[in-house]
């Protein structure tokens with residue numbers, strides 16, 4: 001089971017504050033386990049944000065981002081009820097997605 | 001559009017150098033940034049799943065667990081703990097009570113349910129996830145632990161005496177470090193926890209995600225970890241000693257609206 | 001709606017009348033001490049190197065608990081005299097290597113249940129004291145020891161005092177919050193000598 005994701009999207013005027021929390025180990029490949037063996041790289045490499053079905057952000061990130069990353073951004077001209085969908089793809093091919101309506 | 005990641009924390013941590021008031025305000029800034037990017041909600045979500053998941057020999061969930069406000073009532077329940085429970089004739093805090101529910105509702109053995117109470121960043125424990133979820137259901141509720149039953153009063157009294165009790169290999173009491181205002185251990189400020197003004201903000205934000213551990217930590221862990229550093233043997237999870245310490249600290253913090261689970265350095 | 005209002009007002013009322021009792025560090029009776037010792041014995045378990053004998057109170061802990069860390073002069077004096085006798089001074093020089101001393105002062109490890117007893121522990125000096133002016137991450141629970149030798153002198157009396165104080169702080173102040181590093185077996189003779197050098201070697205950063 002993939003770790004959960006959570007979106008919070010709140011409207012202030014015509015600006016929506018969107019915050020997404022993504023559960024992920026974000027292994028850097030630099031750490032070693034208890035037996036001294038390196039823990040393999042495991043990180044989210046692509047984050048996609050869709051607004052009402054239309055892709056608005058395609059971001060590439062790296063292992064420099066910490067465990068359980070948080071991303072926040074603002075959407076101009078957003079309306080209450082607009083659907084925000086966020087998904088990620090990691091270097092092992094795992095993906096996860098979640099969506100929320102702007103409130 | 002503006003995208004910001006938590007990697008900025010690194011620069012904030014690196015600027016935490018000088019030992020001065022400036023460093024302190026930098027530290028506050030750092031704490032604020034950390035709180036904004038806190039993964040606490042993830043722990044609450046996983047905890048909710050575990051709370052509702054049938055487990056153990058009885059294949060039951062914890063949804064019927066009575067945390068003091070009636071079976072299955074979670075809203076505000078954490079803020080009323082620790083308290084006396086008639087069915088076991090003793091004072092229990094959240095974790096002690098949840099352990100009790102695992103054994104009674106789910107039919108799990110003490111040994112199995114306490115096998116891995118404190119987790120780590122790679123694998124947080126069931127108790128940590130559950131604590132995050134249940135404590136989160138008390139946000140906005142004033143801390144009001146039980147104080148009317150004689151056993152609740154006895155727990156407070158025991159906790160109060162323990163706070164000042166010199167013991168262990170290094171002769172420490174809690175007050176050896178948490179006894180005088182304005183003191184630090186290394187760069188960490190030491191709250192004087194027998195005074196309400198210091199206990200209130202602290203108790204209102206535990207359990208908490210600890211950035212230095214990259215994971216979620218509970219109140220039983222917090223107290224356990226203090227004793228480890230005091231160089232005593234280990235207090236038993238859920239024992240009267242730990243519950244009494246928790247009762248003393250929570251009564252001292254009473255009245256403060258709960259706003260955790262928090263995010264700590 | 002009405003129900004909601006009612007809930008808010010009771011919450012406000014609870015918050016308003018809830019004020020914690022005032023707590024003071026009060027003296028304890030022998031019976032209270034016996035009660036706490038029994039509870040500790042019941043509710044703690046030995047783990048790793050942290051054995052249950054660590055919870056058996058000695059005369060210092062007992063008197064400090066009886067008197068809220070502030071014993072009458074006569075009690076303090078007799079405790080200090082007895083503690084002074086526990087100090088085992090080395091037969092040769094009291095000054096070790098200040099560079100090792102610096103490492104011991106920096107390290108807060110040792111004697112915890114999660115640590116291997118074979119690994120050398122530290123003194124954790126910086127947890128509570130300022131020492132070298134270069135180390136800005138220092139605690140403030142104890143007095144600053146910056147320039148310790150430079151201000152107090154480097155002589156044999158001061159060396160003997162520093163060694164004794166680290167070995168058993170209670171020989172000088174019965175209810176001091178400083179651990180008895182030598183007496184409790186937490187630091188070896190050589191480690192204490194290295195710390196004395198860190199405090200009292202004119203070349204040590206503490207004295208720059």
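The values are calculated or read from the model by the stated rules, or taken from the named source; none is laboratory data. Fair warning: this is a prediction, and the values are worked out from it, not measured in the lab. Cβ sites come from the backbone with ideal geometry, for glycine too, and all protein chains shown count toward neighbours.
Residues of segment B:73-116 being more than 21 Å from the chain's Cα centre (by Cα) and closer than 17 Å to residue B:52 by Cα, which ones?
Listed by number, the residues that qualify are B:103, B:104, B:105, B:106, B:107, B:108.
Failed condition for residue B:27, given (1) closer than 29 Å to residue A:43 by Cα; (2) modelled with pLDDT of 70 or more; (3) part of a helix (DSSP H, G or I), with all others met?
(2)
More than 12 Å from chain B (Cβ to nearest Cβ) and part of a strand (DSSP E or B): is that true of residue A:30 in this structure?
Working: more than 12 Å from chain B (Cβ to nearest Cβ): yes; part of a strand (DSSP E or B): no.
Spelling it out, it is not the case that residue A:30 is more than 12 Å from chain B (Cβ to nearest Cβ) and part of a strand (DSSP E or B).
Going through segment C:38-63 one residue at a time, which ones are at the interface with chain B (Cβ under 9 Å from one of its Cβ atoms), surrounded by 18 or more Cβ atoms within 10 Å (Cβ to Cβ) and within 13 Å of residue B:168 (Cβ to Cβ)?
C:40, C:44, C:50, C:54, C:55, C:57, C:60, C:61
So, residue B:181, is that one surrounded by fewer than 21 Cβ atoms within 10 Å (Cβ to Cβ), in contact with a helix residue (DSSP H, G or I) (Cβ under 9 Å, 6 or more places away or on another chain) and either more than 10 Å from every other protein chain (Cβ to nearest Cβ) or free of Cβ contacts under 8 Å to residues at least 60 places away in the same chain (or both) or not? Explain how you work it out, then say what you get.
Working: surrounded by fewer than 21 Cβ atoms within 10 Å (Cβ to Cβ): yes; in contact with a helix residue (DSSP H, G or I) (Cβ under 9 Å, 6 or more places away or on another chain): yes; either more than 10 Å from every other protein chain (Cβ to nearest Cβ) or free of Cβ contacts under 8 Å to residues at least 60 places away in the same chain (or both): yes.
It is true that residue B:181 is surrounded by fewer than 21 Cβ atoms within 10 Å (Cβ to Cβ), in contact with a helix residue (DSSP H, G or I) (Cβ under 9 Å, 6 or more places away or on another chain) and either more than 10 Å from every other protein chain (Cβ to nearest Cβ) or free of Cβ contacts under 8 Å to residues at least 60 places away in the same chain (or both).
Which of the residues spanning segment C:87-108 are under 19 Å from residue C:183 (Cα atoms), exposed (fewer than 15 other Cβ atoms within 10 Å of the Cβ) and in contact (Cβ under 8 Å) with a residue 12 or more places away in the chain?
C:88, C:89, C:90
From the list B:200, B:210, which one is farther than 21 Å from residue C:60 by Cβ, more than 10 Å from every other protein chain (Cβ to nearest Cβ) and in contact (Cβ under 8 Å) with a residue 12 or more places away in the chain? Even if it seems obvious, please write down each step before you answer.
On the way: B:200 fails: more than 10 Å from every other protein chain (Cβ to nearest Cβ).
Exactly one of B:200, B:210 is farther than 21 Å from residue C:60 by Cβ, more than 10 Å from every other protein chain (Cβ to nearest Cβ) and in contact (Cβ under 8 Å) with a residue 12 or more places away in the chain, namely B:210.
Among the residues of segment B:235-254, which ones are in contact with a strand residue (DSSP E or B) (Cβ under 7 Å, 6 or more places away or on another chain) and either closer than 19 Å to residue B:139 by Cβ or within 7 Å of another protein chain (Cβ to nearest Cβ) (or both)? Even if it seems obvious, please write down each step before you answer.
Step one: list which residues in segment B:235-254 are in contact with a strand residue (DSSP E or B) (Cβ under 7 Å, 6 or more places away or on another chain), which gives B:235-236, B:241-243, B:247.
Within segment B:235-254, B:235, B:236, B:241 meet the criteria.
Can you say whether residue B:76 is in a loop (DSSP other than H, G, I, E, B), under 22 Å from residue B:143 (Cα atoms), away from every other protein chain (no Cβ under 14 Å) and modelled with pLDDT of 95 or more, as far as the supplied structure shows?
Working: in a loop (DSSP other than H, G, I, E, B): yes; under 22 Å from residue B:143 (Cα atoms): yes; away from every other protein chain (no Cβ under 14 Å): no; modelled with pLDDT of 95 or more: yes.
In short, no.
Among the residues of segment B:186-196, how many are modelled with pLDDT of 95 or more, surrounded by fewer than 20 Cβ atoms within 10 Å (Cβ to Cβ) and at the interface with another protein chain (Cβ under 7 Å from one of its Cβ atoms)?
Here the count works out to 0.
Counting only residues that are buried (at least 24 other Cβ atoms within 10 Å of the Cβ) and either within 7 Å of chain C (Cβ to nearest Cβ) or assigned to a helix (DSSP H, G or I) (or both), how many does segment B:255-265 have?
Of the residues in segment B:255-265, 0 are buried (at least 24 other Cβ atoms within 10 Å of the Cβ) and either within 7 Å of chain C (Cβ to nearest Cβ) or assigned to a helix (DSSP H, G or I) (or both).
How about segment C:64-78: which of its residues are more than 7 Å from chain B (Cβ to nearest Cβ), under 17 Å from residue B:160 (Cβ atoms) and buried (at least 17 other Cβ atoms within 10 Å of the Cβ)?
Hit for segment C:64-78 is C:69, nothing else.
Any chance you could count how many residues in segment C:117-134 are more than 14 Å from the chain's Cα centre (by Cα) and in contact (Cβ under 8 Å) with a residue 40 or more places away in the chain? Give the derivation first.
Filtering segment C:117-134 down to residues more than 14 Å from the chain's Cα centre (by Cα) leaves C:117-121, C:130-134.
Then drop every residue that is not in contact (Cβ under 8 Å) with a residue 40 or more places away in the chain, which leaves C:117, C:120-121, C:131-134.
Residues that pass the stated criteria total 7.
If you take just the helices (runs of 4 or more DSSP H) that sit entirely in segment B:92-171, which of them hold at least 2 residues that are under 30 Å from residue C:23 (Cβ atoms) and either at pLDDT below 95 or more than 10 Å from every other protein chain (Cβ to nearest Cβ) (or both)?
Values: elements: B:94-104, B:110-113, B:126-136, B:150-163.
Where helices (runs of 4 or more DSSP H) fall fully within segment B:92-171 and carry at least 2 residues being under 30 Å from residue C:23 (Cβ atoms) and either at pLDDT below 95 or more than 10 Å from every other protein chain (Cβ to nearest Cβ) (or both), they are B:94-104, B:126-136, B:150-163.
Considering only residues that are at the interface with chain B (Cβ under 9 Å from one of its Cβ atoms) and in a loop (DSSP other than H, G, I, E, B), look in segment A:63-86 and name the one that is nearest to the chain's Cα centre (by Cα).
Within segment A:63-86, the subset at the interface with chain B (Cβ under 9 Å from one of its Cβ atoms) is A:64-76.
Checking which are in a loop (DSSP other than H, G, I, E, B) leaves us with A:64-69.
Values: A:64: 14, A:65: 11, A:66: 12, A:67: 11, A:68: 9, A:69: 7 Å.
For segment A:63-86, the residue satisfying everything is A:69.
Out of everything in segment A:87-103 that is in a strand (DSSP E or B) and away from chain B (no Cβ under 13 Å), what residue ends up being surrounded by the fewest Cβ atoms within 10 Å (Cβ to Cβ)?
Within segment A:87-103, the subset in a strand (DSSP E or B) is A:87-90, A:95-101.
Among the residues that remain, those that are also away from chain B (no Cβ under 13 Å) are: A:87, A:89-90, A:95, A:97, A:99, A:101.
Numbers: A:87: 16, A:89: 16, A:90: 21, A:95: 13, A:97: 13, A:99: 13, A:101: 11.
Here the residue is A:101.
Taking segment A:8-24 on its own, how many of its residues are facing chain B (nearest Cβ under 10 Å) and either in contact with a strand residue (DSSP E or B) (Cβ under 6 Å, 6 or more places away or on another chain) or assigned to a strand (DSSP E or B) (or both)? Show your work before the answer.
So the first thing to find is which residues in segment A:8-24 are facing chain B (nearest Cβ under 10 Å), and the list is A:8, A:18-19, A:21-24.
Still in the running and either in contact with a strand residue (DSSP E or B) (Cβ under 6 Å, 6 or more places away or on another chain) or assigned to a strand (DSSP E or B) (or both): A:8, A:18-19, A:21-22, A:24.
Qualifying residue count for the region: 6.
If a residue counts only when it is surrounded by fewer than 17 Cβ atoms within 10 Å (Cβ to Cβ) and more than 14 Å from chain B (Cβ to nearest Cβ), which helices (runs of 4 or more DSSP H) contained entirely in segment C:118-204 have at least 3 such residues? Even if it seems obvious, please write down each step before you answer.
Working: elements: C:125-128, C:148-152, C:156-167, C:189-200.
So the answer is C:148-152, C:156-167.
Within segment A:33-55, take every residue that is modelled with pLDDT under 90 and within 12 Å of chain B (Cβ to nearest Cβ) and give me the one that is surrounded by the fewest Cβ atoms within 10 Å (Cβ to Cβ).
Only one residue fits best here, namely A:34.
Taking into account only those residues within segment B:213-225 that are under 27 Å from residue C:106 (Cβ atoms) and part of a loop (DSSP other than H, G, I, E, B), which is farthest from the other protein chains (Cβ to nearest Cβ)?
It comes out as B:213.
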